[in-house]
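Structure record follows, encoded as structure tokens.
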Amino acid sequence: MVKRCDREQEWRSERERIIGLGERSFRKTYYPQMKQSSERLERFRTLLDHTSDFVMLITLPDAMISDVNEATSKLFNITCKHLIGRPFHSLGLANSAHILEQLTQQSQSFLEDNNDDFQHDTTISEYLRDDVEMWLELSFRVARLDGRFYGVMVGRDVTERIHNEQILNSLIYEQKALLDNALVGLIWIKDRRIVSCSRRFEDMFGYAQGAAIGLSTQVLYLDQETYEGFGATAYEALAEVGKFCGSVQMQKSNGEPIWCELTGNMINPKQPDEGSIWIFSDISEHILTQEKAVFLSLHDSLTLLPNHRLIADRLQQAIAVAGVKKHQVAIINIDLDRFKTINDLLGYSASNQLLIDVAERLKQSISEEGTLSRQGGDEFLALIPELLDADHAGAILTTILEDFNQPFYVDGKEINLTCSLGVAMYPDDGQDFETLLSRSDIAMYQAKHSGRNTYRFFSDDMNTAASEHITIAFGLRKALELNQFQLYYQPQIDITTRKLIGAEALIRWIHPEHGMIPPNKFIPIAEETGLIIPIGEWVLVEACNEVAKWRDAGMESPVVAVNLSALQFARGDVEKSVVMALEQSGIEPGMLELELTESIMIRDPENVLATVQRLKSLGCRLSIDDFGTGYSSLAYLKRFAVDKLKIDQTFVKDLTTNQDDAVIVRTIIQMARNLGLKTIAEGIETPEVLDLLQLYHSDEAQGYFIARPMPASDFFQFMLKSFKSDCA
Ligand code: C2E
Ligand code: CA
Ligand code: CA
């Protein structure tokens, strides 16, 4: 603004220049006091010049700057002198056009309806000073001085404020983006109504933007009861500790259920009216995984049938009900017949498919009445509750067997399956799951032994047999360690000379409590459990060592025959055992005869054949035991290069009375001679049978008539006696 003038005259003319607009009207409207004293006017000017606000007077409608204060000059970096007289728009304010338009309109409206109620407008205008962005807040209005219109503009630099606002806005925006993109949904609730919520919350519950605002939170709950119950617990906790955390199943806007974990916090614990902020996490997947885990822990993963645990639980329940109603409950043990063979044939995935189909069919057979479960492998267990008697269960068993008459189809292959069923009944056969299960298992094995594809109810006899079975199975493990086995020797003679030529080694188990247990009782169990392999090795070593003793005692080398089990070929290393026994004892391989059964040949014949041929090439003798009862393939006999056929005792026993047996025995002997093989007949109990066999040209003989199996020491005496009589 113009410099302060000292002298009155100068001031007057200067004032004339400044206020050239017409002093009177200016004074009248803006500075009425000025009329009274120029000092006051000067003070006022000084005040204007010292204010940090910009003040500017613009003539209207031509929009020329007619006056400015010092602050304005500084702002535009132009002296006051040079600013005055310049067009307003030349200042480069971003919205100067808008300001002028407003001012012009206001002056115009006065001219039209004489309304001098001028509006005060404010705008924020952007201004670039030396390429630096500035923000100005400009207030402007129209003033009328002596009939002329002026625009009076007062402004201030609000750059810092705008910057701060911008920073704040971007912060708010970032926060909102952060909240909206968070994995959790956020809502602000007041009086159980949604005041505001994050975008994520809306997405989670399927609401359009803003659609959830104002709604009662009741819409989020599946039903009124949960809304009230959960709400009561949550708000009680909020009131007490200002916090709550819990999970509840809720619903989306379309009714779809959603599992949520909710964490609530009071905004201001001292002011409950301000409401609470809630974090919502969608835990549906987590719950689903949990539910799945629970399901899988109680079901079989292949067939999805209940598993052992679940059916045990169901049985407990069924027993509780049956106890009250005086009903019976059946536990049916279902085992597929020869499934292992089918499994080998079909392969893993097709077998699995077959098991799924079997499960489906079994489920239909037992219908809704019962529960079917898979125990693993090809074993299923059915539980039939509320039965009046065992006959009632019998009907279901028949249905299961009959339903299996229809073939199964897997990969386009027709598969005929049968199953064996064993049943135990509550309360007669047991009061708890474990007992009933093991008894149904015993009954099932009985059904298998009775030729399969049938059912058996548990009986006490079965129990005795089964418990004996278990006792033997357990005892066998210890028997070897405790040296409870013993070999007996049964003499074999040359049928023509009647001279002793050897002995068959037969195992005995001398049990400390049960006395002597015959091999027929424990050998099958040893085969089942695989224990026959170490037992078989022991027999070989023991028999060979015994022969070594006889040889050392100067006996005329009798041959010892040892029985080999099929499992020793399938799983054990029989060749190694034989070599070891021969080496340890140092006997000639020709002193050892190995008795094989025809069943050895059925499994993996090529492998067995190779082993047998190697055993033969060691120099051992080979004979086929129980000949005539098995599969008797002449081709194998030839290729096995065996030395001897041992005619089974069932044909020998009644030889003198049974014509059929006589024919069979004669045929076997004839055939063996033709093949260049020797024959031995076992089970000879009478002299007549011995004589007849001699007549038929059997080479050797063994049987009670000659001598019963006996301990090694007895056999030694037997040998001594027979050699003495030979010498005599
Ligand atoms: P096996 O190999 O057929 O043995 C002959 C069985 O018939 C023996 O029964 C023998 O005592 C019996 N026996 C012999 N002569 C007569 C007779 O005139 N009349 C009657 N009724 N029986 C007679 P044992 O010793 O009870 O053996 C039974 C079966 O046990 C054997 O039948 C054999 O299969 C098996 N076994 C015995 N010892 C062993 C062994 O060390 N290893 C293997 N793997 N099996 C063995
Ligand atoms: Ca034998
Ligand atoms: Ca035999």
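A few comments on the model shown:
- Flag for Leu655 being within 16 Å of ligand 3 (Cβ to nearest atom) and over 11 Å from Phe627 (Cα atoms): yes
- Residue check, Glu274 under 28 Å from the mean Cα position of the chain (by Cα) and not β-branched (Val, Ile, Thr): no
- Candidates Glu285, Glu256, Glu261, filtered to the one that is within 28 Å of Gly210 (Cα to Cα), in contact (Cβ under 8 Å) with a residue 24 or more places away in the chain and open to solvent by 70 Å² or more (accessible area, probe 1.4 Å): Glu256
- 3 or more residues open to solvent by less than 10 Å² (accessible area, probe 1.4 Å): qualifying strands (runs of 3 or more DSSP E) within segment 349-441: 379-387, 419-426
- Pick from segment 565-595, criterion closer than 15 Å to Ser623 by Cα, open to solvent by less than 20 Å² (accessible area, probe 1.4 Å) and at pLDDT 95 or above, ranking: farthest from ligand 3 (Cβ to nearest atom): Leu592
- Comparison of Leu655, Leu615, Leu693 shows that the only residue that is buried (at least 20 other Cβ atoms within 10 Å of the Cβ) and assigned to a loop (DSSP other than H, G, I, E, B) is Leu655.
- Segment 216-234, residues that are closer than 22 Å to Asn268 by Cα and surrounded by fewer than 16 Cβ atoms within 10 Å (Cβ to Cβ): Ser216, Gly231, Ala232, Thr233
- Verdict on Thr667 being out of contact with any Gly (no Cβ under 8 Å at 6 or more places or on another chain) and at pLDDT 95 or above: no
- Residues (open to solvent by 20 Å² or more (accessible area, probe 1.4 Å) and either assigned to a helix (DSSP H, G or I) or in contact with a Pro (Cβ under 9 Å, 6 or more places away or on another chain) (or both)) located in segment 671-690: Met671, Arg673, Asn674, Leu675, Pro687, Glu688
- Yes/no for Ile668 being buried (at least 21 other Cβ atoms within 10 Å of the Cβ) and either among the hydroxyl-bearing types (Ser, Thr, Tyr) or farther than 25 Å from Val574 by Cα (or both): yes
- Filter pass, Val574 being within 16 Å of ligand 2 (Cβ to nearest atom) and closer than 12 Å to Glu542 by Cα: no
- Sole exception among (1) among the small types (Gly, Ala, Ser); (2) surrounded by fewer than 14 Cβ atoms within 10 Å (Cβ to Cβ); (3) within 14 Å of ligand 1 (Cβ to nearest atom) for Gly554, by number: (3)
- Close pairs (8 angstrom Cβ cut-off, 6 or more residues apart or separate chains): among the hydroxyl-bearing types (Ser, Thr, Tyr) in segment 684-698, in a helix (DSSP H, G or I) and within 16 Å of ligand 2 (Cβ to nearest atom) anywhere: none
The values are calculated or read from the model by the stated rules, or taken from the named source; none is laboratory data. Computed from a predicted model, the values in this text were never measured in an experiment. Ideal geometry is used to build each Cβ from the backbone, glycine not excepted, and the neighbour counts take in all protein chains shown. Quick note on the areas: whole protein, heavy atoms, side chains included, nothing else; ligands and nucleic acids left out. Shrake-Rupley method; radii C 1.70, N 1.55, O 1.52, S 1.80 Å.
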